[in-house]
Each structure stands twice: as C-alpha cells, then as structure tokens.
Amino acid sequence: MHHDVSIHGISQTFSCRETESVLSAAIGAGGSALPVGCRGGGCGVCRVQVLEGQYQTNAMSSEQVSEEDQAQGIALACQLFARSALILLPVGRKLSTTPGSAPDLFQRFLARSGARKERVS
C-alpha cells in the first residue's frame with residue numbers, strides 16, 4: 001500500500017510504500033527537502049515532526065529523539081514508516097549539550113571569546 005507524504009511549507013509530495021522508510025521514499029522521488037545523514041537512526045539529521053497522519057517507527061537514538069519528542073510527533077525520517085497520508089515538518093538535528101560534545105565545546109568557546117550568542121531559527 002502507498003501513502004502520500006507532504007512536506008509542510010513547500011509543494012513537495014511523494015508516494016511512500018508502507019515497507020520503505022519515509023526518507024528512502026523521499027530520496028527515490030528525487031530532490032528531497034529532507035536532509036540525509038547516516039540513514040540508521042543515530043545522527044538526527046533527518047528529524048521531522050509529523051503534523052498529521054499515522055505512522056510507525058523503528059529504533060531511534062534516544063539522544064536524538066527523546067520520549068518527550070516522540071510524544072510531540074518527532075521522529076527520524078530514516079526510521080519512519082507511513083501508515084496513512086502524512087504531513088511532515090523538517091526540524092533538523094537535536095544539538096547535544098553533553099559535556100565534550102561539539103555544541104557544548106562551541107558554546108564554551110563563545111563564552112571565553114566574549115562573542116555574542118545568537119539563536120538561529
């Protein structure tokens with residue numbers, strides 16, 4: 001069975017079989033608005049929020065998608081399987097502030113250098 005998947009905010013819709021991940025279907029459709037990373041559920045590059053529709057997920061890194069995130073419909077597109085038509089909002093990688101992580105080191109660098117921190121949306 002196939003389901004239509006739409007990306008919120010742009011006019012991209014593609015068809016996704018229930019047996020393929022949403023990310024694989026997007027790549028197969030060409031010109032995907034979804035960023036591609038490890039394709040294994042660990043890097044978080046393909047994080048999306050499901051705004052509408054029914055879906056199922058395979059195992060995802062809890063560092064990238066917490067239980068709270070999952071309750072808000074956030075999943076990794078590489079581990080997301082459509083069970084109905086979906087509307088997705090790409091939300092990108094969750095930045096870790098674990099001591100020693102790249103975002104943590106960058107924030108400490110900014111603090112030491114006196115550079116202004118600005119939030120980019």
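Pull out the extension gain between Glu20 and Leu51, defined as 0.36 nm times the separation in residues minus the alpha carbon to alpha carbon distance; nm, one decimal.
Gain on extension, Glu20 to Leu51, equals 9.2 nm.
Taking H placed 1.01 Å from N in the peptide plane, check which residues at least 5 places from Leu88 or on another chain put their amide H under 5 Å from its amide H.
It is Ser6, Ile7, His8, Leu51, by chain and number.
Charges on Cβ only, +1 for Lys and Arg, -1 for Asp and Glu, centred on the Cα centroid of segment 1-91; of Met1, Gly53, Leu76, which one is farthest towards the dipole's positive end?
Met1
Return the sequence-ordered ³J(HN,Hα) values of segment 72-81 in whole Hz as given by the Karplus equation 6.51 cos²θ - 1.76 cosθ + 1.60 applied to θ = phi - 60°, using x for Gly and Pro.
Each residue's phi maps through the Karplus curve to give 8, x, 8, 8, 9, 4, 6, 10, 9, 10 Hz.
Any read-out appearing in this document is the output of simple, stated calculations on the displayed coordinates, not a laboratory observation. Please read all numbers here as calculations on a predicted model, not as lab measurements. Neighbour counts are summed over all protein chains in view; Cβ atoms, including those assigned to glycine, are modelled from backbone coordinates with ideal geometry.
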